[in-house]
Amino acid sequence: MLRDGLGLVSLKDGCAPQGQCGCCTVLVDGVARVACVTPAERVAGREVTTLEGLDPAERDGWSAAFLATGGSQCGFCTPGIVMRGTALARRGPWTQSDVDRALAAHLCRCTGWQTIHEAFDLMTASPRSRAGAASRTGGRDLRAAARRAEMEGGAPQAVGPEVPLGEGGFAADSAPDGALVAVPARSGPGAGVVEAAGSWWVVAESVAEARAGARNAPGRRGPGGPAVPLPLRPCPERGVRLATSWVEPAYLETDASWCRPGGAPASPLANGGAFGAKQASPAPAAARELADRLGRPVLALLSREDVVRMGPKRPPVSAAARFDGHRLGIEGWWVASGQSGPFPGFIPPYRIEVESSWTPRAVPGPPVSTSLRAAGAAEQAVLMEGALDEAGAARADLVSETAADVLLDTCAQVGSGARAGARVAIDAGGAVGSVAVRVAAGDPLDDVVLRSYAIGAAHMALGWVLTEGLAVDPDDGAVHDLTVRSFGVVRARSMPPVEITIVDDPGPPRASSSDAVFAAVAAAAWNAVTRAEGARPEVFPAVGTRASRAIGR
Ligand code: FES
Ligand code: FES
């Protein structure tokens, strides 16, 4: 009702009607509530406030705080978090555990939470330090900041005060009045189902009508933990082996595109790259084809359940690796459903010989994509660092000249020349206590954005190693649980502190440094957990380890 009936698009639909992502948070008589599971009748006669209805000074204060800390990247989750923060702030002074509790109702895939915490801290700071933060933002070159964001995310991304307020220009927010709505049908052909761009759609006058017609798949289909579809390979002597699950990219803005008859479709990548996941999105082609056919603008819109069923996942692998002092040998299988090219290569940041051989395997499961963040490259970087650890190799003696400036316990490099090193500290209870990262990205362009991307990549890396994976039916390949909470994304309260050092790296800006951070942190986490457990986990996510239990799986 709020979005589609009243046009209040500050609140977002990241998972409706699951009620699990927090993107649709509003205030009901001043109390934060997720709108997507709140029937309108239940709030009859009460006051509902969206971001549009906040006092401008209050709203701008939050926006400035998120901009100053880098706490908003794509900005899809931020309006909901701002509403939750507003409810908290109006109650009086808050503590850290109040913020933890408040953020527990939300999901952010981009930022890794730390910069969101910093935005909350800024809101409690003295007016003078807030003014100081605002003036620092005033001195920033936001176009350069946006360029860094684009170089990390691989798609245009704005950086400015409008982004935390949900004005990133998302296609689902900007469809013309009177546009028809097309949503994926669960099957076809059938009554009311049309074919467009190779898949089946239900077209109606509104999102609610279209979804009712499509009989959206239920969020939760069955039990089960993360599936690791390929068997473990034999482990070489003094080597390592690893098998991984399907991983949901978990971008929060579900695929959307709209098109006028005879026009060009709006990009589903309005404000960020979705970690490489929307490159083959069916929404733009369907919107164009249906608009041309029906003679009216059409918004093609996927639900969260559609994204989990249809969208690409990180390909599972099973591989073994060994380092003999000079040469690293890696042999692996990878799940290549729908992929035509070879397994991606990687750039070792060490002066070693590498022989890497990968064989595609077909198993039932969701589609995969090697365009997802460092897919393939990070797997090999992790196997390499594990093998170096098992061989007792001294990395300082092996590191290449270019990567020496970032080396911590591990390091990784990407094609642009960007590189990163990482150290993961485990506390006395076996949990991840802290993460340190050194990143070299050429000209940073904007330290705030680069740091935010690096923290977000560290967060995603810890999730990949410890908590993230999908439950998939081994017979028909269907994903068992389509809810956003089932992906295993590390929650705000579980995220350890991440310290980012931006290394002086003269020269032009280098792209995708956050991919290098992702690989380096994942490798450091795997080795650190191995030391803490006294045995190497051979499966990602490493469910059952103390580190995984402590961080939330
Ligand atoms: S859209 Fe309502 S909680 Fe996700
Ligand atoms: S900024 Fe939170 S999901 Fe993108």
Inset, instruction - Could you work out how far helix 283-294 tilts from the main Cα principal axis of the chain, as a 0 to 90 degree angle to the nearest 10? - result: 30
Legend entry - the chain: calculated mean residue ellipticity at 222 nm from DSSP helix runs of at least 4, using -39500 (n - 2.57): -9000 deg cm²/dmol
Inset, instruction - Could you tell me which of rounded, prolate or oblate describes segment 67-122, using a ≥ b ≥ c as the square roots of the eigenvalues of the alpha-carbon gyration tensor, with rounded for a/c under 1.5 and, failing that, prolate when a/b is larger than b/c and oblate otherwise? - result: prolate
Legend entry - Peptides 417-428, 151-162 ordered by average Cβ neighbours within 10 Å, highest first: 417-428, 151-162
Inset, instruction - Taking the Cα centre of segment 361-448 as origin, work out the dipole magnitude from +1 charges on Lys and Arg Cβ and -1 charges on Asp and Glu Cβ, in debye rounded to 20. - result: 320
Legend entry - Relative contact order [Cα under 8 Å, 6+ residues apart], segment 427-491, whole percent: 26
Inset, instruction - Can you find, among T467, S512, I502, the residue farthest towards the positive end of the dipole of segment 458-520? Put +1 on the C-beta of Lys and Arg, -1 on that of Asp and Glu. - result: I502
Inset, instruction - With a point put 7 Å past each Cα toward its Cβ, work out how far A478 is from T124 in nm, to one decimal. - result: 4.6
Inset, instruction - Towards the positive end of the charge dipole of segment 296-430, with charges on Cβ (+1 Lys, Arg; -1 Asp, Glu), say which of F343, T410, G332 has the farthest Cα. - result: F343
Inset, instruction - Measure nothing fancy, just the Cα-based angle from helix 56-69's long axis to the longest principal axis of the chain, in degrees from 0 to 90, nearest 10. - result: 10
Inset, instruction - Starting from the Kirkwood radius over alpha-carbon pairs of segment 364-514, derive D by Stokes-Einstein at 37 °C in a medium of 0.692 mPa s and give it in µm² s⁻¹. - result: 192
Inset, instruction - Express the relative contact order of the chain as a whole percentage, based on alpha carbon pairs under 8 Å and six or more residues apart in sequence. - result: 16
Legend entry - T359/D324 FRET efficiency (R0 22 Å; Cβ-Cβ; nearest 0.05): 0.50
Legend entry - Three-way shape call for segment 305-380 based on the alpha-carbon gyration tensor, with the a/c threshold at 1.5: prolate
Legend entry - Antiparallel DSSP beta bridges within the chain, as percent of all bridges there, nearest 5: 70
Inset, instruction - With +1 on each Lys and Arg Cβ and -1 on each Asp and Glu Cβ, and nothing else charged, work out how big the dipole of segment 206-339 is about its Cα centre, in Debye to the nearest 20. - result: 180
Inset, instruction - Might you report the magnitude of the Cβ-based charge dipole of the chain about its Cα centre, with Lys and Arg at +1 and Asp and Glu at -1, to the nearest 20 debye? - result: 720
Inset, instruction - Report the semi-axes of the equivalent ellipsoid for the chain in whole Å, largest first, where each axis is √(5λ) for an eigenvalue λ of the Cα gyration tensor. - result: 37, 29, 21
Legend entry - Radius 11 Å from Cβ of T25, net charge of other residues (Lys, Arg +1; Asp, Glu -1): +3
Legend entry - Gyration tensor verdict on segment 224-326 (Cα atoms; rounded if a/c is under 1.5, prolate if a/b is larger than b/c, oblate otherwise): prolate
Legend entry - Rel. contact order, % - alpha carbon contacts under 8 angstrom, at least six apart, segment 261-369: 24
Legend entry - Extreme residue, positive dipole direction of the chain, given options F66, I81, A454 (C-beta unit charges): I81
Legend entry - Sequence-distant residues sharing a close amide H with G488 (under 5 Å, placed H): none
Inset, instruction - Could you give the spread of the C-alpha atoms of segment 1-54 along their three principal axes, from largest to smallest, in whole angstroms? - result: 26, 20, 19
Legend entry - Pairwise centroid distance, computed over Cα atoms, of segment 419-455 with segment 239-285, Å: 26
Legend entry - Degrees separating the helix 142-153 axis from the principal Cα axis of the chain, which is the longest one: 60
Legend entry - Likely footprinting exposure, W113, W333, W258, fewest C-beta neighbours within 10 Å first: W333, W113, W258
Legend entry - segment 1-132: proportion of alpha-carbon pairs further apart than 18 angstrom, %: 51
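Computed from the coordinates by the stated procedures, all read-outs in this text should not be read as laboratory data. Quick caveat: nothing in here was measured; it's all calculated off a predicted structure. Every residue, glycine as well, gets a Cβ built from its backbone with ideal geometry; the counts of neighbours run over all protein chains shown.
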